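Here is the structure we will look at.
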């Protein structure tokens, strides 16, 4: 999983917080994580960033929606902290189809401008 999650402690944390209650073995759970990641396309403008990029949450949402047919505004949330983009959260059903998730979307970043840091290991 180190190619998807850049630090071993993140992998263990993912298993402890989410995998243990999934009803799957660790191997099956992480296979599902891989399938979920494969179902999502990173917009080309954001893939393999080498330098920080100034973005707006709206632009990031628009780019992910354009790159992922079936993804709607109700299924994406942008995370931020201290002016930096921290995550793009997409909601998937158990069969890995995009689904609306208002409880997540309502917590999406409301800032006007963010810095997207360079990506690692995606």
Can you tell me which of (1) closer than 19 Å to residue 99 by Cα; (2) in contact with a helix residue (DSSP H, G or I) (Cβ under 9 Å, 6 or more places away or on another chain) is the one residue 55 doesn't meet? (1)
Expected single match for in contact with a helix residue (DSSP H, G or I) (Cβ under 9 Å, 6 or more places away or on another chain), farther than 22 Å from residue 21 by Cβ and either touching a residue at least 40 places away in the same chain (Cβ under 8 Å) or not assigned by TED's automatic domain parsing to the domain that holds residue 4 (or both) among 96, 92, 114 is 114
Looking at (1) over 14 Å from residue 114 (Cβ atoms); (2) exposed (fewer than 14 other Cβ atoms within 10 Å of the Cβ), can you tell me which one residue 68 breaks? (2)
Return the total of residues in the stretch 14-37 being in a helix (DSSP H, G or I) and within 17 Å of residue 89 (Cα to Cα). 8
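The values are calculated or read from the model by the stated rules, or taken from the named source; none is laboratory data. The model shown is predicted, which means the values in this text are computed figures rather than measured ones. FYI the Cβ positions are ideal-geometry reconstructions off the backbone, even for glycines, and counts take in every protein chain you see.
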